[in-house]
Structure formats: structure tokens, C-alpha cells
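Undergrad: Just passing along the structure, written as C-alpha cells.
What follows draws every value from the coordinates through simple rules; no lab data is involved. Note that the structure is predicted; figures quoted are calculated from it, not measured. Heads up, the Cβs are rebuilt from the backbone with ideal geometry, glycines too, and the neighbour counts pull from every protein chain shown.
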Ligand SMILES: [Zn+2]
């Protein structure tokens, strides 16, 4: 699982704390559908996480988990987004990030729509579907390699070419592949940085350099 705080791929140690129960306590058999709660500290950032587990319960072996859902923290700490990024984009990103632990499908729907909005509004790329738009964006000069890699993951994992609903009606809530919502968030984070944060940093570096050059020129004049 991904730690809801630090996003590191971790295994929350749970042997000590885990509990498992049969879904139906009146069941005579010793095994069946079951659930449980696990709690532990993220090995990477040391913060406290509580998971709801679903799986198959064996009286001797405990719960064999098929599915785990983070129930605490309720809203994860979203990565910091600077004020260079327009507020509506920041708000959508935070929402997609916050719901990812509870509903990756909802998160992916918000993310796909946000991705499309950025391509339309900041790049004026408007094509017949999201995949074509992403492909066109990826052709732009200077797109950093890590952004291209994240885009490739979304194109492949999300199988955008094969999913007209995801691809055309981007806000639609549809079935997704494992980690698709995570990769969409990754693409957005990199895209927001590339589009809004880096140009601002470059502007500041240029201004600082100009100031330095001017002061050298002034000194040599004197
Ligand atoms: Zn962590």
C-alpha cells in the first residue's frame, strides 16, 4: 500500500496489532469471508495509520487480506502546491488526492477532468479526446523525462485507447486499473510543476542574474 502521509510504497507492520473476524459470527465453519482492523506506524515516515481489511478468514491462519482501505487518516496530507498554480487547479488536485484512499475511481475521474482542463486552458490543446490531447502535449519541446514517464504509465495502465468513457467523458466515474489513480496524481503533480512553478523559478533566476550583472557593470564604471 501507499502511505497516506508520505506516499511511500510501504507495508504497515500489523502482525502485532491485527485483528480478524468472520463476517458472519454465527457461521459454524471455521473459515469464510472476513474482515479486520489493522493499525501501525509507517516505516518510512513514522506516522500512524489505521486500515480496514477485507479478505478470507481462517480460524488458524487469521485473515488473508484481499483488500485494504485506509480509514485513518481520513484525509491525507496533500503535497504542497505553490500559489503560482491557479487556485481552481490546486483545489481539484487536493480533492482528487484526498479521496484517493477512499475512492480511487472518484479520484481518477477528478484527475482526468483536471488534466484535460489544464491541457485546454494552459496549452490550448483541444482535440477529440484526452488520449489525443496527451499525445500532442507529450510532443512539445522541453517536457521533462519524468513527466513523459508518468504520462506513459497513465496511457498504458489506464488503457486510455481502449476506454472511450475515460477518454472522452473525462469526469465519468468508471472502473479503473490498480494504481491508475496514483499515476494520474503523479502526472498532475509533475504537470503543474512544469507548467506553473518552473517558469516562475526561471523568471526569478533570470531577474537575480540580471541584478548581479547590473551591479558588476556599475562597479566597473566607478
Ligand atoms: Zn509514511
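Undergrad: Report, largest value first, the span of the C-alpha coordinates of the chain along each principal axis, in whole Å.
TA: Rounded to whole Å, the extents work out to 93, 47, 26 Å.
Undergrad: Follow-up. Once both axes come from the Cα atoms, what is the angle between helix 180-192 and the longest principal axis of the chain, in degrees from 0 to 90, rounded to 10?
TA: Long axis of 180-192 versus the principal axis of the chain: about 20 degrees.
Undergrad: For the stretch 107-222, what is the convex hull volume of the alpha-carbon atoms per residue, in Å³?
TA: Per residue, the Cα convex hull of the stretch 107-222 comes to 107 Å³.
Undergrad: Where the eigenvalues come from the Cα gyration tensor of the stretch 57-164, what are the semi-axes √(5λ) of the equivalent ellipsoid, largest first, in whole Å?
TA: Its equivalent ellipsoid spans semi-axes of 32, 19, 13 Å.
Undergrad: Could you grab the relative contact order for the chain? Cα pairs under 8 Å, six or more apart, rounded to a whole percent. Intermediate values should be presented prior to the final figure.
TA: Values: 308 pairs, mean separation 30.2, N = 222.
Over the chain, the number comes to 14 percent.
Undergrad: Same structure, new question: Angle check, please: helix 198-221 long axis (alpha carbons) against the longest principal axis of the chain (alpha carbons), in degrees 0 to 90, nearest 10.
TA: 30 degrees
Undergrad: While we're on this one: Most mobile of 184, 81, 140 per a Gaussian network model of the chain (Cα springs, under 10 Å)?
TA: Between 184, 81, 140, it is 140 that shows the largest mean-square fluctuation.
Undergrad: What is the distance in Å between the Cα centres of the stretch 154-222 and the stretch 37-72?
TA: For the stretch 154-222 versus the stretch 37-72, the Cα centre distance is 34 Å.
Undergrad: Rounded to the nearest Å, what's the spacing between the alpha carbon centres of the stretch 104-130 and the stretch 137-152? Just the number, please.
TA: 16 Å
Undergrad: Fewest first, what order do 193, 152 take by the number of other Cβ atoms within 10 Å?
TA: 152, 193
Undergrad: Can you compute the helix-only [θ] at 222 nm over the chain? Use -39500 (n - 2.57) per DSSP H run of at least 4 residues, normalise by all residues, nearest 500 deg cm²/dmol.
TA: Helix-only estimate at 222 nm: -14000 deg cm²/dmol.
Undergrad: Further, regarding this structure: Fewest first, what order do 107, 23 take by the number of other Cβ atoms within 10 Å?
TA: Lowest to highest Cβ neighbour count: 23, 107.
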